[in-house]
Every structure is written in C-alpha cells, then in structure tokens.
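Values in this text are rule-based calculations from the coordinates and carry no lab data. Bear in mind that the values here come from a model prediction, so they are computed numbers and not experimental data. A quick note on method: Cβ atoms are made from the backbone with ideal geometry, for glycine too, and the neighbour counts reach across all protein chains shown.
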Amino acid sequence: MQLSTLWRQSSAFRMGVSISVATGLYGISFGALGVAAGLSVWQTCALSLLMFTGGSQFAFVGVVAGGGAGVAALGAASLLGVRNAVYGMQMAALLGPKGFARLLSAQLTIDESAATALGQADKTEQQRGFWTAGVGVYVLWNLFTAAGALLGNALGDPSRWGLDGAAVAAFLGLLWPRLQGREPIALAVAAAAVAMLAVPMVPPGIPILIAAVLGGVWGYCTRSSGRAPSAAGGAA
C-alpha cells in the first residue's frame, strides 16, 4: 500500500506519524541537556539508542547534572522505566509478536507506541499504530538527540545559557500534565517534600530514589485499601 493511500485510510498510521514527529523533536532538548550534564555526545546518543524512554533519560541526566553517582542515576531511571514492563505485557498479549519481532517490540514499547495501539479498535490498526509510532519515535528521537547533543556541545559552558538547571525543568514539564486530581497532586507534593528534606543528608541522586519509594508505598497502600488506582502512579 502506498504511503499516500495509507495516510488517507489509516487513522493509526496518521496518529503514529504525528506522535513520532512531536515526540522526536523533543529529543533536541534531551541531547542538549545530556552534554550540559557532563556526558559526551556519544554517551548522550547511546542513552537514546539503548535506554529509549524519555522520562527515564531525563531522570538520568538530572541526577548526573546534580553530581549524583552513576548507580543513583541508573536507579532513578530504572524505577521510572518500570511502567514499560507493564506496557510490554499488554502489547505482547495484544499484538502477539513472534521471534525477532518480539525482541524489537520490547525495545519499541514506550508510552507513545502503547497509547497509539490501544487507541485503535481493529486488530490490524492496533499493529499498524504500534509499529508506526514505535519505529517513528525511535528514529526521530535518536536523530534529534544527536542534533541536540552536537548543538549543546558547540554552546560550551552550559551555565552561560542556563542549561545547567534545564534538566530539572524538562523533567517537571513531563510531570506536570499528569497532575490531574487531588491524589496525584498530593503525592507529588509529598514526594517533593521528602526529596527536599533528604537533600542535605544523603548523596546526590538518592533523594529522587527515596521519593520514588514513597510513590511505590503510596500506590501499594492505595491498592490494599481497595481504592481504584489513579494517575498518582504516573505522577510518581
């Protein structure tokens, strides 16, 4: 099927392409922030190629920019990436990939590809939406990460341009849309308070891990009490 025909006939394809462009462009920010945090251009690009989940990547460079150890940065990124494992189980049941496609789909399972697939009613459209968004975001995110990293590297000292604090601002930008309702707002405030109190007492990078543990305990207690899970998990 030609691309023009596919664009006219497939809502999943149109959605996947649109999401890919919008998300991919944001990779410029990550690339610039990665080098501003002290990573090399190649290290920044490797994070996008291998880790490939925006929230985790921004958390990683945020911890590194704050002087945290690599273990703390990896821990924070891993905790935020747990949701992709849940998406992976959903996508495996929904799409049923086999062989190499199963391995590739695991790498491409992110918020955008899962949402595009789940937003379709037809089985064929679900598969088309997942692969369009997954491959599209992966290609464009990595291209724009490289562009941003090269640009950030050319700018020199990040503090001259205010980039030294931009990783935190970018992460807050990802968090803000999820704060809908009193419970997620309360959790975000509690986690922020705990992290701020921990800052003078523990090494850099550890406060965000403590806040993440608080989010996990909060979610467990909410589930145990019989209340329906809310967007608080996403806010954590």
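Can you give the charge dipole size of the range 10-178 about its Cα centre, rounded to the nearest 20 debye, using +1 on the beta carbon of Lys and Arg and -1 on the beta carbon of Asp and Glu?
Working: 8 positive and 6 negative charges, 69 e Å.
Rounded to the nearest 20 debye, it is 340 debye.
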Notebook entry, point to check: Can you give the FRET efficiency for Ala46 and Asp122, using 1/(1 + (r/R0)^6), R0 = 45 Å, r = Cβ-Cβ distance, to the nearest 0.05?
Noted result: 0.75
